[in-house]
Amino acid sequence: MIDLRLLREDPDRARASQRARGEDVALVDSLLSADERRRSSGVRFDELRAEQRSLGKLIPKASADEKAELLKKASQLAADVKAADAERDAAVTETQDLLQRLGNLVHPDVPVGGEEDFVTLETHGTIRDFGAEGFEPKDHLELGQILGAIDVERGAKVSGSRFYFLTGVGALLELALVNAAIAQATAAGFTPMLTPALVRPQSMAGTGFLGQAAQDVYHLDKDDLYLVGTSEVPLAAYHMDEIIDADKLPLRYAGFSPCFRREAGSHGKDTKGIFRVHQFDKVEMFSYVLPEDSQAEHQRLLAWEKQWLSALELPFRVIDVASGDLGSSAARKFDCEAWIPTQGKYRELTSTSDCTEFQSRRLSIRVREGKQVRPLATLNGTLCAVPRTIVAILENHQQADGSVYVPEVLRPYLGGREVLEPVAR
């Protein structure tokens, strides 16, 4: 959530942010109104309680005639205090409810618009000309079948659509990717973490995934637990309700976890293969920093993602995501999109978001600097979303005979293999 004081001091900034997101601008004024009621009802309650305490001191000293009048006044005052308390609680609840609905303030440099209004910041690598090489590229699903690496038919039989098995070299390729990604993150100073896949409502809500993203979340009603769509959730909640000393920052974690997403609203979209699925594994970077360091940390996370994709020898571009395509927690977001040959376009492989103080305020995570205690900033960055990375590797590194070149960074984790060979049929 955002700082209410900042909202009161500069409501136009919040209105502009809501407008840029394509969200309800009137929410800002409703929130300001509720906040005014919260503050005024709190003052009213405090005044009545003070009057009640003063009256309580007078009653024992009063004469019989005065006492009756004072008791009558005390009775009325008690009713007024109770009403003021209820009014204050209602105003506090309304303010918090509205505040939870307000997205993070969009960074002023973010391009305004919808999904297609991003700005391309840079491109890396060379897109292969398969025609010049004399063959038509196969898609990742056909390659996965040739290699004995992907089985979506049995995935659908066992679990339904958008599920899959990684088999043989496909399973080994996932493990290689995870180990190589964790190795890079560890070398960069991240603490590796294996995180829970189930979290409590306060963890999910505190990270910002029960607002606009709620339709994509799996909920276990009987246990009131949520399946995470990313290890960002448990990593953000890891320090929930804690105060961290400033000299311990930055704290950087690299979480590995399964991820579960309903993919609501994606019917008919990316239905073939393993690009858009309900369950997948991912290595996620997460940082806790001082608020004034968040933009620099955002660039560092992006640099680590670029390092990873370059090591995989993939052609990719970096985009500045437009305001209407930001998640509610993000003030700014960069995506790295790899070229997918059979789709003839770039597709998102990694992303990194600067969430400023938005999540830490919701999760009550603060930093102590001397006598001062204040919210800190959180950032996240996908290092390796496994299925999409496999898609990009198979399609970009395929050879005419259906074999696939193995990038050097993965070879130590694949028994030294330089090529993934087709399996005998």
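The values are calculated or read from the model by the stated rules, or taken from the named source; none is laboratory data. Source: prediction; values computed, not measured. We place every Cβ from the backbone using ideal geometry, glycine too, and count neighbours over all the protein chains shown.
Okay, residues lined up against (1) of a type in the set (Val, Ile, Thr); (2) within 28 Å of Phe334 (Cβ to Cβ); (3) modelled with pLDDT of 95 or more:
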position	(1), (2), (3)
Val112	yes, yes, yes
Thr120	yes, yes, yes
Arg128	no, yes, yes
Glu136	no, no, yes
Asp151	no, no, yes
Leu173	no, yes, yes
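Candidates are the residues of the stretch 122-162 that are surrounded by 19 or more Cβ atoms within 10 Å (Cβ to Cβ) and among the basic types (Lys, Arg); the one that is nearest to Ser403 (Cα to Cα) is Lys138. Suppose the filter is at negative phi, crowded, with 24+ Cβ neighbours inside 10 Å and part of a strand (DSSP E or B); does Gly255 pass it? In short, yes. In the set Arg368, Arg374, Arg388, Arg347, only one residue is touching an Asp or Glu at 6+ places or on another chain (Cβ under 8 Å), of a type outside the set (Val, Ile, Thr) and either over 30 Å from Phe163 (Cβ atoms) or free of Cβ contacts under 8 Å to residues at least 60 places away in the same chain (or both); that residue is Arg368. Please indicate, with yes or no, whether at least one residue in the stretch 380-397 is modelled with pLDDT under 95 and over 28 Å from the mean Cα position of the chain (by Cα). No; the residues of the stretch 380-397 include none that is modelled with pLDDT under 95 and over 28 Å from the mean Cα position of the chain (by Cα). The set of residues in the stretch 118-158 being of a type in the set (S, T, N, Q) and either outside the structural domain of Arg347 (by TED's automatic domain parsing) or in contact (Cβ under 8 Å) with a residue 40 or more places away in the chain (or both) consists of Thr120, Thr123, Thr126.
Count of the stretch 238-259 residues, restricted to those that are over 18 Å from Phe209 (Cα atoms) and within 16 Å of the chain's Cα centre (by Cα), is 4. Looking across Ile2, Ile59, one residue alone is surrounded by 13 or more Cβ atoms within 10 Å (Cβ to Cβ) and not in a helix (DSSP H, G or I). It is Ile2.
Considering only residues in the stretch 21-53 that are outside any helix (DSSP H, G or I) and surrounded by fewer than 17 Cβ atoms within 10 Å (Cβ to Cβ), the one that is nearest to the chain's Cα centre (by Cα) turns out to be Gly22. Within this structure, Ala176 passes the test of being part of a helix (DSSP H, G or I), under 21 Å from Lys282 (Cβ atoms) and in contact with a Leu (Cβ under 6 Å, 6 or more places away or on another chain).
Being within 30 Å of Val106 (Cα to Cα) and at pLDDT below 85: is that true of Ile2 here? So Ile2 passes the test. Where strands (runs of 3 or more DSSP E) fall wholly inside the stretch 266-349, the ranges with 1 or more residues that are surrounded by 21 or more Cβ atoms within 10 Å (Cβ to Cβ) and more than 17 Å from the chain's Cα centre (by Cα) are 316-320, 332-340.
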